[in-house]
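Only one structure is covered here, and it is reproduced in the block below.
The numbers here are math on the coordinates, done by the rules we state, and not lab data. This is a predicted model, so every value here is computed, not measured. Glycine also receives a Cβ, built like all others from the backbone with ideal geometry; neighbour counts cover every protein chain displayed.
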Amino acid sequence: MEQLVRINNVPLCPFCRKEVAYYQEITYYADSVAEDLFNRSLEGVKNDDPQSMFILGTMYDTGSFVDRNLEMAFKYYLMGAKHEHVDCQHNVANMYRNGEGVKQDKHLGFFWLKRAADHGFDRSLCVLGDLYMNGVGVDPDFNKAFECWYKAAKHGHADSQYNLGMCYYHGVGTKMNNREAILWLEKAYSNGIWEAKSIVDYIKRNELH
């Protein structure tokens, strides 16, 4: 179900379009700007600034200005995660899940993803729903998957809107409801999930009475 987006061959969360843009922004800094950003972020880390930890983690993750080093990326992301920086928590979760920069541990991946999701972080909520749906690092729980996607969908997260619509259509984690399925699939389509339209058309043509 999951396809990893890659920037400079760096695997990223499959549901993180906004994050991709941020990684691109850092990756394409001019060297002089990147050096200043790197040095200021080092100072920020000394002052326990979680955003500086995130920036350094991203630079090591992408090989921007510094040589790519996933162990160092994980180190700084984990520092930021412990300071409740949700992007860092999300990235730590992905690195644990994929075994990048750290030994693979799906249970710790789930732990950090849930921590970010508990802060209301839409991307983490979406992936957490996927883990509950497929029983990765946790026992399968369709109801919790539905709840995660519902929370993120209400905030406008397109992938969650699509997943929520499919839950309503198939009756997974909730009762079957074609009208709710259409509602959320149309929202997903309006937010760029193009495949949602063919499903909406099919439901309207064959299953609405």
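Please sort by residue number the GluC sites (Glu not before Pro) in the range 41-135 whose DSSP state is loop and whose Cβ has at most 16 other Cβ atoms within 10 Å.
On the way: sites: GLU43, GLU71, GLU84, GLU100; in loops: GLU84, GLU100.
Listed in order of number, the matching sites are GLU84.
Over the C-alpha atoms of the range 163-206, what are the Rg and the largest Cα-to-Cα span, Dmax, in Å?
Calculated on Cα positions, Rg and Dmax stand at 9.4, 26 Å.
Can you tell me the length gained on complete extension of the stretch MET176 to PHE111, counting 0.36 nm per residue apart and subtracting the Cα distance? Let's see the in-between values first.
Details: separation 65, 0.36 × 65 = 23.40 nm, distance 3.06 nm.
Taking 0.36 nm per residue and subtracting the Cα distance, the gain is 20.3 nm.
Is there a pair in LYS151/LYS187; LYS75/LYS103; LYS144/LYS175; LYS154/LYS204; LYS82/LYS114 whose C-alpha atoms are over 18 Å apart, and which pairs would that be?
Details: LYS151/LYS187 14 Å; LYS75/LYS103 13 Å; LYS144/LYS175 14 Å; LYS154/LYS204 23 Å; LYS82/LYS114 13 Å.
Check vs 18 Å cut-off fails for LYS154/LYS204.
Applying a 10 Å radius around every beta-carbon, put 188-194, 131-137 in order of their mean neighbour count, most first.
Values: 188-194: 16.3, 131-137: 18.7.
So the peptides 188-194, 131-137, ranked by packing, come out 131-137, 188-194.
Once the convex hull of the C-alpha atoms of the range 110-205 is built, how many Å³ does it hold per residue, rounded to a whole number? Display every interim value, and only then the final one.
Numbers: hull volume 7.4 nm³, N = 96.
Convex hull volume per residue, Cα atoms: 77 Å³.
Roughly what would the spin-label model give for ARG205 and ASP48, points 7 Å off Cα along C-beta, in nm?
Result for the modelled spin labels: 6.1 nm.
Can you tally the net charge around GLU180? Count Lys and Arg as +1, Asp and Glu as -1, for every other residue whose Cβ sits under 12 Å from the Cβ of GLU180. Working shown, then result.
Numbers: positive: LYS175, ARG179, LYS187; negative: GLU186.
Net charge around GLU180: +2.
What does the highest-first list of 201-207, 151-157, 36-42, 88-94 look like by mean Cβ count within 10 Å?
Working: 201-207: 11.4, 151-157: 19.4, 36-42: 15.0, 88-94: 27.1.
Highest-to-lowest ranking by the protection proxy: 88-94, 151-157, 36-42, 201-207.
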